[in-house]
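Reading through the structure tokens given below for one structure.
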Amino acid sequence: MSMDDVKALRLLLVEDNPGDARLLQEELKEVTSVRFEVHHVTRMAEALAVVEEPGLDVVLLDLSLPDGHGLSNIERMQQAAPALPLVVLTGTDDEQLAMRAMHAGAQDYLVKGQATGPLLVRALRYAIERKRSEEGLKREEAARQTALFREQFLGILGHDLRNPLQAISGNAALLLRYGGLSEPQRKALNRISISSDRMARMISDILDFTRTRLGGGYTLQRTWMNVHEVLKQVVEELEVAHPQKQFELSVSGTGWGEWDADRIAQAASNLVGNAVQYSPEGSAVRVVARDEGEGVRVEIHNQGTPIPAERLPHIFDPFVRGQQGSRSSPRTGLGLGLYITHEIVKAHGGTLQVRSTEAEGTCFWLKLPRHTPPATKS
């Protein structure tokens, strides 16, 4: 392979002395092992403008420039391009200045007049590799901190908040069960029970959101299960909670597959519950399940106000809700239901989509493969 075929390293040379700049470029040309593309500027302001553009591999920076002097040049370069490797040029062999430059953020230093071609190339390549190692360590530390934060946050949500909430809910249910209450007292306890259940759902949604966004993901407990039975249970529960609403459930095929029953029930409950909130009085929420190819297709349909076209591309983003004022009941969630449902379906190797028009209403449909998708090879 010829030198012309080797990918060149892009070097920004910041040097105001024409003689020194020419000498450095000549030394680089003498080296046959590496090819450099040199962009030469003479002022700090020019350099700061260039480093904002992508593609540079390393900077060779003079510490004495017309518009900047000493370690302040390093600080300004670090602020403009913190991830870019930096080698500084000094006019004298000053060990203390060199060490201060390294502490300020430079990866290496060279003394003018002593920078032969091989030494220059060695310093530049070393700076690139050292910066890569530093950035790698930073990423590892950031990942460690993220994991630590995730575990602490999940612990607070899963234990510290749920425990007192369960005590509130349990004691409210106990008081309601044993009676002896006046009607105002019963209504107050019922409101406490409903509110604590709503808060428990919010905490569960935040837990799921945190797992997916901070890298925990969903751990699926797959079993051989029937999605028809899950849909029947979800619809029956919503019929009890919303006796004024109409439901139509239609299933065909076998409905069997290898899925996480609790997560599938959560996804189905989110979709059907969402349809209930949008469904106008006098119209039915339709739930249809059928075999399709190597999987099962489930559709949830309502005749409510269609989702605005500009919101459809973002409907599965977190904290996105439906159109203001389009629901027949007040909105009590965090806008995480559809996002969580999408992530559950994706974790199963399936797909979730939506269409919404004035004529047809809104239909969410998901397709689940019956079996665990094969692991992708890294």
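Some points to look at:
- Relative contact order (%) - criterion: Cα under 8 Å, at least six apart; region: the chain: 10
- Accessible surface of PHE319 - all protein chains present, 1.4 Å probe, nearest 10 Å²: 120
- Computed in the context of the full set of protein chains, the accessible area of the stretch 9-115 at 1.4 Å probe radius has 48% of its extent on carbon or sulfur.
- Kirkwood hydrodynamic radius over Cα pairs of the chain, then Stokes diffusion coefficient at 20 °C and 1.002 mPa s, in µm²/s: 81
- Under-5 Å amide H pairs with LEU63, H placed in peptide plane, nonlocal only: LEU89
- Residue-averaged 222 nm ellipticity for the chain, from DSSP H runs of 4+ at -39500 (n - 2.57), nearest 500: -15000 deg cm²/dmol
- Heavy-atom accessible area ranking, 1.4 Å probe, most first, across THR341, THR357: THR357, THR341
- For the chain, the longest principal axis of the C-alpha atoms and the axis of helix 18-30 are separated by about 80°.
- ASP197 accessible area, assembled protein chains, probe 1.4 Å, Å²: 70
- Nearest-20 debye value, the chain charge dipole, Cβ charges on Lys, Arg, Asp, Glu: 1640
- For the residue pairs LYS232/LYS367; LYS29/LYS138; LYS112/LYS138; LYS187/LYS245; LYS232/LYS346; LYS131/LYS346, the C-alpha atoms sit more than 27 angstrom apart in LYS29/LYS138; LYS112/LYS138; LYS131/LYS346.
- Per residue solvent-accessible surface (Å²) - the stretch 9-115, probe of 1.4 Å: 49
- In the stretch 38-182, Cα pairs under 8 Å separated by at least six residues give a relative contact order of 18 percent.
- In the assembled protein chains, MET199 presents an accessible area of approximately 90 Å² (probe radius 1.4 Å).
- Within the accessible surface of the stretch 140-214, defined with a 1.4 Å probe on protein heavy atoms only, the carbon and sulfur portion equals 58 percent.
- Distant-in-sequence amide H partners of HIS40 (H built 1.01 Å from N, under 5 Å): LEU13
- Residue range of the chain that is longest and free of GluC sites (Glu not before Pro) which are both DSSP loop and sparsely packed (at most 15 other C-beta within 10 Å): 53-280
- Whole-Hz Karplus values for the stretch 220-231 come out as 8, 9, 6, 9, 7, 9, 10, 5, 4, 5, 5, 5 Hz, taken residue by residue from phi with 6.51 cos²θ - 1.76 cosθ + 1.60 and θ = phi - 60°; glycine and proline positions read x.
The values are calculated or read from the model by the stated rules, or taken from the named source; none is laboratory data. Worth saying up front: this structure is predicted, and the values here are computed from it rather than measured. Don't worry about glycine lacking a Cβ; one is built from the backbone with ideal geometry, like all the others, and counts go over all protein chains shown. Heads up: the accessible areas ignore ligands, DNA and RNA and are worked out on the full protein's heavy atoms, side chains in. Shrake-Rupley method; radii C 1.70, N 1.55, O 1.52, S 1.80 Å.
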